[in-house]
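Here the structure is laid out as structure tokens; the discussion comes afterwards.
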Amino acid sequence: VDLALTAWSIATLKLDLPDLYDNISRLALPKIAEFQPQALANICWATATLRKENDVLMRSAAVVAARLMDAGVDFKPHEYSTLAWSMVLAQAREEFLFSRI
């Protein structure tokens with residue numbers, strides 16, 4: 001199961017299923033270093049859209065995104081904008097990520 005896509009789906013459908021989101025988040029954290037740009041954008045967007053306070057997930061996603069950018073991984077424009085929008089909405093002030101976008 002794609003955790004980021006599942007999170008994106010419940011946020012898109014505006015489903016208020018806190019246990020499901022919490023479980024997705026819990027399962028995603030140990031694997032977040034494996035997420036590619038679209039998955040990072042999806043899980044951050046879902047977290048922000050669902051208005052979940054999840055500083056650990058957002059910070060971890062920002063660290064992984066910055067590492068991918070530094071490694072030359074190609075982010076699509078909508079992945080950049082989704083990450084930035086999500087970080088701002090979630091009040092995740094990850095300057096090290098913003099300086100790379």
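Compute the angle between helix 55-70 and the longest alpha-carbon principal axis of the chain, please, reported from 0 to 90 degrees and rounded to the nearest 10.
For helix 55-70, the angle is close to 30 degrees.
Rounding to the nearest 10 and keeping the result within 0 to 90°, find how far the Cα-based axis of helix 18-28 lies from the longest principal axis of the chain.
Orientation of helix 18-28: about 40 degrees from the principal axis.
Would you rank 68, 57 by solvent-accessible area, highest first, keeping every protein chain in place and using a 1.4 Å probe?
In descending accessible area the options line up as 68, 57.
To the nearest 10 Å², what's residue 20's accessible area with a 1.4 Å probe?
Result for residue 20: roughly 70 Å² accessible.
Would you mind getting the accessible area per residue of the chain, heavy atoms of the protein chains only, 1.4 Å probe, in Å²?
Numbers: 5850 Å² over 101 residues.
Per residue, the chain has 58 Å² of solvent-accessible surface.
So for the chain, averaging the separation of alpha carbon pairs under 8 Å that are six or more residues apart and normalising by length, what relative contact order in percent results?
31 percent
With axes computed from alpha carbons, what is the tilt in degrees of helix 37-49 against the longest principal axis of the chain, rounded to the nearest 10 within 0 to 90?
For helix 37-49, the angle is close to 50 degrees.
For the chain, give the percent of accessible area contributed by carbon and sulfur heavy atoms, probe 1.4 Å, rounded to a whole number.
So the carbon and sulfur contribution to the accessible surface is 55 percent.
The values are calculated or read from the model by the stated rules, or taken from the named source; none is laboratory data. Keep in mind it's a predicted model, so treat the numbers as computed, not measured. The area values use the complete protein model at the heavy-atom level, side chains included, leaving out ligands, DNA and RNA. Shrake-Rupley method; radii C 1.70, N 1.55, O 1.52, S 1.80 Å.
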